[in-house]
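Each remark here refers to the structure printed beneath this line.
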Amino acid sequence: MGATMTSNGTVSRDDELRNWPADEAAARAAQDRLRRYVVLDEPGPEPGFAGTVAGVDVAYDDERGVVAAAAVALDARTLDVVDEATAVGPVSFPYVPGLLAFREIPTVLDALDRLARVPDLVVCDGYGLAHPRRFGLACHLGVLTGLPVIGVAKNPFTFTYEAPGPERGATSALLDGGEEVGRAVRTQPGVKPVFVSVGHRVGLDRACAHTLRLAASYRQPETTRAADALCRRALAEAGSDA
């Protein structure tokens with residue numbers, strides 16, 4: 001039996017999925033409506049906690065209108081893979097910057113549900129508060145599942161930052177005007193930073209600490225690397241079965 005996740009008691013995941021937006025206006029309205037449920041006053045689990053941290057990612061076949069999602073759970077202390085799951089489904093929303101969650105979340109939720117246990121922390125390849133409406137994928141996924149979620153992105157989106165120092169662990173503020181919406185984090189010496197933002201039920205300091213712990217050897221967290229590889233394999237297998 002797969003994992004069973006519940007929302008934070010305020011948002012009905014099932015209702016949201018049944019009424020999934022079909023156009024840009026409805027999607028933006030949903031982000032504005034759900035944003036108030038993001039929990040920002042919890043520090044989140046400590047790095048190296050006893051439990052599992054899951055990475056989620058997706059891969060697309062736009063010609064066939066198919067998306068493959070992967071969820072890979074790692075032991076938070078050893079970073080060993082302890083479980084993994086995939087799901088394949090139809091692309092449920094067009095490509096619109098700032099609204100990518102509406103393409104990804106239904107299939108990502110399916111993959112998460114297939115894990116043997118509910119993860120204690122989820123890492124998204126994307127944004128949380130570092131979003132024009134302060135409600136990116138990591139926030140959206142957190143509100144629908146009730147789980148602690150962070151976003152670790154490869155680029156700064158529309159925001160600005162000063163380059164952090166060259167050493168591993170150096171950080172700088174990711175800014176929208178004068179507001180800090182995340183941090184640029186140098187995970188490897190002399191390598192481009194990643195861009196960390198809060199999703200739900202995790203503070204920014206711990207989100208950055210988790211990112212560094214998970215990115216011990218490479219620029220990207222091991223959670224993201226594992227989920228990226230798995231969703232690509234799932235998409236290829238789905239294509240070969242077509």
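The table below gives the values:
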item	result
Accessible area of Asp176 in the full protein assembly, 1.4 Å probe (Å², nearest 10)	70 Å²
Loop chymotrypsin sites (Phe, Trp or Tyr not before Pro), the stretch 1-106 (other Cβ atoms within 10 Å of the site Cβ: 11 or fewer; DSSP)	Tyr95
Total formal charge among the other residues, if their Cβ is under 10 angstrom from that of Phe93, Lys/Arg +1 and Asp/Glu -1	-2
Projected-area mean, the stretch 171-242, by convex hull of Cα positions, square nanometres	6.8 nm²
Residues with amide H under 5 Å from that of His200, placed H, sequence gap 5 or more	Val149
Three-way shape label, the stretch 59-154, alpha-carbon gyration tensor, a/c 1.5	oblate
1.4 Å probe accessible area per residue over the stretch 32-164, in Å²	39 Å²
Which labelled figure in (i) 58, 36, 34; (ii) 63, 39, 35; (iii) 47, 38, 36 is Cα extents along the principal axes in Å, once derived from the coordinates	(iii)
Residue-span extension gain [Leu40 to Lys154] - 0.36 nm each, minus C-alpha spacing	38.8 nm
Val198 accessible area, assembled protein chains, probe 1.4 Å, Å²	10 Å²
Percent antiparallel among DSSP beta bridges (both partners in the stretch 87-242, rounded to 5)	85 percent
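The values are calculated or read from the model by the stated rules, or taken from the named source; none is laboratory data. Quantities reported herein were computed from a predicted structural model and do not represent experimental measurements. We place every Cβ from the backbone using ideal geometry, glycine too, and count neighbours over all the protein chains shown. Calculation scope for accessible area: heavy atoms of the full protein, side chains included, ligands and nucleic acids excluded. Shrake-Rupley method; radii C 1.70, N 1.55, O 1.52, S 1.80 Å.
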